[in-house]
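If you scroll down you'll find the structure; I have some questions about it.
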Number of protein chains: 4
Amino acid sequence: MELGTNVESRLPEDDRSWRQRVYEVVFEADSPAGVLFDVLLLIAIFLSVLVVMLESVESIRLRHGALLVRAEWFFTILFTVEYAVRIACARRPLRYVFSFYGIVDLLAILPTYLIALPITSGAGTQRLTTIRALRLLRAFRIFKLAHMLSEAEALRNAIWAARAKVAVFLSFVVISVVIVGSAMHLIEGGRMDDSGEATSSGFDSIPESMYWAVVTMTTVGYGDVSPVTAVGKALAACMMLLGYCMIIVPTGIVSAEFAQAAKKNITVRVCENCMAEGHDKDAQYCKYCGTML
Amino acid sequence: MELGTNVESRLPEDDRSWRQRVYEVVFEADSPAGVLFDVLLLIAIFLSVLVVMLESVESIRLRHGALLVRAEWFFTILFTVEYAVRIACARRPLRYVFSFYGIVDLLAILPTYLIALPITSGAGTQRLTTIRALRLLRAFRIFKLAHMLSEAEALRNAIWAARAKVAVFLSFVVISVVIVGSAMHLIEGGRMDDSGEATSSGFDSIPESMYWAVVTMTTVGYGDVSPVTAVGKALAACMMLLGYCMIIVPTGIVSAEFAQAAKKNITVRVCENCMAEGHDKDAQYCKYCGTML
Amino acid sequence: MELGTNVESRLPEDDRSWRQRVYEVVFEADSPAGVLFDVLLLIAIFLSVLVVMLESVESIRLRHGALLVRAEWFFTILFTVEYAVRIACARRPLRYVFSFYGIVDLLAILPTYLIALPITSGAGTQRLTTIRALRLLRAFRIFKLAHMLSEAEALRNAIWAARAKVAVFLSFVVISVVIVGSAMHLIEGGRMDDSGEATSSGFDSIPESMYWAVVTMTTVGYGDVSPVTAVGKALAACMMLLGYCMIIVPTGIVSAEFAQAAKKNITVRVCENCMAEGHDKDAQYCKYCGTML
Amino acid sequence: MELGTNVESRLPEDDRSWRQRVYEVVFEADSPAGVLFDVLLLIAIFLSVLVVMLESVESIRLRHGALLVRAEWFFTILFTVEYAVRIACARRPLRYVFSFYGIVDLLAILPTYLIALPITSGAGTQRLTTIRALRLLRAFRIFKLAHMLSEAEALRNAIWAARAKVAVFLSFVVISVVIVGSAMHLIEGGRMDDSGEATSSGFDSIPESMYWAVVTMTTVGYGDVSPVTAVGKALAACMMLLGYCMIIVPTGIVSAEFAQAAKKNITVRVCENCMAEGHDKDAQYCKYCGTML
């Protein structure tokens, strides 16, 4: 796991005082102090999210509510200090504040302050919804993990490079879901119970049928909604086989692309004449300038 | 994403007037106007399908019915104009009309006209089924997306090339579903409730058992029908493991085929000096003897 | 799809009469007559299995029972004639009769004769079970498809060659199912309802818990049995993630093996000196005997 | 399947008496006796686990309880003798006792002895829980299979080598489950039934919603908990598609890694004459210059 991110560039030599040393600890992980900081941060993130999770369980909240509130404030202050330190030692504080990491770190501390303000007082269910929304915002702290996963960037680039194929695949999924959903609405809609009265069937509208189509095609299969007519079952079986088999093609394409990428790490020889890399193992002449390797 | 399709060939020079310019905008996407047209078409397709979806939800239809009908007519007229333009500027209009794209574009506008005609008036449930059928036909508009996905053709060719392996895989699926379905019909059929009366078990006929077999093998697992006897559960467990593992082999085969195809993107150029093949796409000098290619 | 199988060797020249010509039509598919035979056989197999399926649906049996019985006898006689012809024109009839294909062809015709005999008369439910068992046997006709799928043999050999890895994978599955099943039996067993009475929970014995474990690990997830305690749900979540991720490793191994196999089809050159095949594309000397290629 | 493990090194020559011969039979599988021992051990493991499974089914325990107890003692004594023999003929008994295999072999025999001791007597449900716990411990005998699966070590090393990518994947799963679970808690929590009373919805706390998120993302889909609001269903559909597609990337990466590893099974021998590398395993002559290797 590669730790650390290089969001900000280094400070000039004459500021290489405490600011630089703090920067190396907080934003990078080349020194033992930097690695220790990242490990402590990781533990703090997991514990604070655990506090948010436990707070949402009513039985636990009734028994340990006070403790949870104190823990919540502890983490909020901890992350506030971390946020302030990051702004203080970064060369371009504004770039950090508006970057993905900066926004995530801000969202990690805002909710607890918002709850303390009288703004968020309200009656009954409205307050309940607000509290649940704030829990969701606090849960976004888990995104602070991204500080430590620079390998995820390589993945994001790979997916962006293959966006044409991704678009084709997603289009295929969208077309299947719309068509089969509409067909099932036609076939299974308007179900009637034994006394001739119309009952709800889960296929009463196209969006509902499309929801069933996604549940079936991704092979999740809740079973809360399922076809009862023979034609409906036959079409459902086709949909299931389609979803079951459809994963094969993108998997094959992605496997081949990763295999190609791995193979391109062929040789690290550099041509003396034109400084080009990427020569095959069995090449005797540079393919860019003709010089002998 | 490659935009545009070349259904029709170019017109001769003397017709290179408004007809040619309109053709380049509508059927191709090399010019900014062509790309803009495709983007607008994409938005129109999604919005019109959204209208069809919303129309099927009874609560929305009651509240915004009039607005939806107007939107429906707007898109129908828009697509009718587009259809007319495509016919007008194509060199071989008949070839377009009877191609996949032409039929899809026609199906996109017919339903709304059909509903307006007195033909489709009918009593109660028959009219309801007709309306649902027309909604399904309108949903086929989503196939107009195919105009923009020429990369899907490469995929279709790849699947056609591997049709022998596809046939083996599908045969295996069919054989498994028939045999296990029949076995479960034998094992679980004729279930009796506590008072000794025969009850419906979901395994009462072979087609029903085959439906359960497909639901289980594709790991969808609705749960509306599941075995209760010990032997039935044991056979079901085997079926689940079979379906779970069966996806491995086709995925492996397809991955290998895509890897092979990717490797063949080494060019077929031959070096004049040493007659060597296997040069990369970006090579300018032969890697075996140094001669310029 | 490669049609035809070579179960029997060719007859000597002096018998090359009607017997040989019939053999070429029935057992092989190199001639137009052979291909036509296989296509007709395929249609007959599917139709006969369809008759078995329809016969099991009570509503259809009540309405068209007589027609189905006549169709059943038609196909049985058809397959009996085919069986007789295969025995007649095969060089080693006994080898055919005891091969996989011979047994399948015999099973395809036996059940209908057995039902006609007075042996299979019995009272009530025993006769019902017998009938269902015979339907299962008739469904085995679908295995006659194997006559036409010689490509499946390559697949069977590949799986046999990798049997060590298959054993490791299956052992892992068995170990997981036993351990997690036993743990869930401990955690969720002995559920009590609100009045303190013990109720059935689906985890009352280790075999039942193992059934749940298989349903969950293969991601089928019927939902007929699911955990209710917090610890049980946590363990179930681990099981689901295990089953979800576990498919990655075998798929990767199989993909790599198929890629290797595809690459070994490198060149078909044969060394004149030692007659060895399998030389790389860029080899100039035979790697087995040193002679120049 | 490679049988046998080399936990202990060989004994010095002067002890090469019955001790060495027993060691070769028990710990290794190069001799016919060693293979026979492993096969018998395999059968014993499966049978003893079967006894544990059957003992947990109440109906079977009532009918055959005495037989099961006798079988249980038979296997316990058998495994105790095996354990003693392993300790006796190993060179470094302590190393074996504290290794994974040693602990598993000890756990395989302890439970039955513990049950015999008066320690484990207790009243009603406590004794029931103890008995179920002991069944779980006895089920751990299935881990004795590990003695025979040395190929699993290669797999373990491969997963440890790729731990960075595994960490990224697991982080992605954790982040998705936390965020979507919290969002669904916000959307679907606080469900009310028709009379306005709050009912349990399965989304009443974040841990419960996270359980639903795991069930959905791994495409298991029990259906015991599922969303009912339109927004909730839309978010659920996104979650399903995410889980359905997410398996593609790790599978592709693992396939590429196994393909790379397979290719490296080209030997690292170097031809003395022309210094060329990349010879196949079965090559006797250098393919570039014809010299013998």
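The values are calculated or read from the model by the stated rules, or taken from the named source; none is laboratory data. Here the structure is a predicted model, which means the values were calculated and not measured. Here the Cβ positions follow ideal geometry from the backbone for every residue, glycine too, while neighbour counts run over all protein chains shown. Surface accessibility is based on the protein's heavy atoms, side chains included, excluding ligands, DNA and RNA. Shrake-Rupley method; radii C 1.70, N 1.55, O 1.52, S 1.80 Å.
Over the stretch D:161-262, what number does the Rg to Rh ratio reach, with both radii from the alpha-carbon atoms and Rh per Kirkwood?
Numbers: Rg = 16.9 Å, Rh = 15.0 Å.
When Rh is taken as the Kirkwood radius, the ratio is 1.13.
Using the Karplus curve 6.51 cos²θ - 1.76 cosθ + 1.60 with θ = phi - 60°, what ³J(HN,Hα) values do you get for each residue of the stretch C:240-250, in whole Hz, with x for Gly and Pro?
With coefficients 6.51, -1.76 and 1.60, one gets 5, 5, 4, x, 5, 8, 5, 6, 5, 5, x Hz.
Need one value for B:97-109: mean number of C-beta atoms belonging to other chains within 10 Å of its residues' C-beta atoms.
Values: counts 0, 0, 0, 0, 0, 0, 0, 0, 0, 0, 0, 0, 0.
Mean partner shielding for this stretch: 0.
Separation between the residue A:50 and residue B:21 pseudo-spin-labels, each 7 Å from Cα along Cα→Cβ, expressed in nm?
Each label point is offset 7 Å from its Cα along the Cβ direction, giving 7.0 nm.
How much accessible surface area, in Å² rounded to 10, belongs to the heavy atoms of residue B:159 with a 1.4 Å probe?
Estimated to the nearest 10 Å², residue B:159 gives 90 Å².
Quick check for me: using +1 on Lys/Arg Cβ and -1 on Asp/Glu Cβ, what's the dipole size of the stretch C:161-262 about its Cα centre, in debye to the nearest 20?
Charge dipole, the stretch C:161-262, about its Cα centre: 580 debye, nearest 20.
Summing Lys, Arg as +1 and Asp, Glu as -1, what charge do residues with Cβ under 12 Å from the Cβ of residue D:113 carry, residue D:113 excluded?
Values: positive: D:138; negative: D:72.
Here the charged neighbours net out to 0.
Rounded to the nearest 0.05, what FRET efficiency is calculated for residue A:174 and residue D:162 with R0 set to 22 Å and r the Cβ-Cβ distance? Please report the intermediate quantities before stating the final value.
Details: r = 34 Å, r/R0 = 1.52.
Computed FRET efficiency for residue A:174 and residue D:162: 0.05.
To the nearest 10 square angstrom, how much accessible area does residue B:165 have with a 1.4 angstrom probe?
Solvent-accessible area, nearest 10 Å²: 80 Å².
What gaps in nm, shortest first, separate residue B:94 from its twins in the other copies when you place the label 7 Å past Cα toward the beta carbon?
Sorted ascending, the copy-to-copy spacings read 6.8, 6.8, 9.6 nm.
Give me the net charge of residue A:224's neighbourhood, meaning all other residues with Cβ under 15 Å from the Cβ of residue A:224; Lys, Arg count +1, Asp, Glu -1.
-4
With a sphere of radius 13 Å drawn around the Cβ of residue A:199, what net charge do the other residues whose Cβ falls strictly inside it have (Lys, Arg +1; Asp, Glu -1)?
So the environment of residue A:199 carries a net charge of -4.
Quick one: how many Å² of residue D:60 are accessible to a 1.4 Å probe, rounded to 10?
That residue has around 50 Å² of solvent-accessible surface.
Past 24 Å, Cα to Cα: identify those pairs from A:165/B:144; B:233/C:165; B:165/D:165; A:144/D:165, in the order given.
Working: A:165/B:144 18 Å; B:233/C:165 27 Å; B:165/D:165 33 Å; A:144/D:165 18 Å.
Those over the limit are B:233/C:165; B:165/D:165.
Rounded to the nearest 0.05, what FRET efficiency do residue D:43 and residue A:60 have when you use their Cβ-Cβ distance and R0 = 60 Å? List each step's numbers first, then the result.
Details: r = 49 Å, r/R0 = 0.82.
Efficiency computed from Cβ-Cβ geometry: 0.75.
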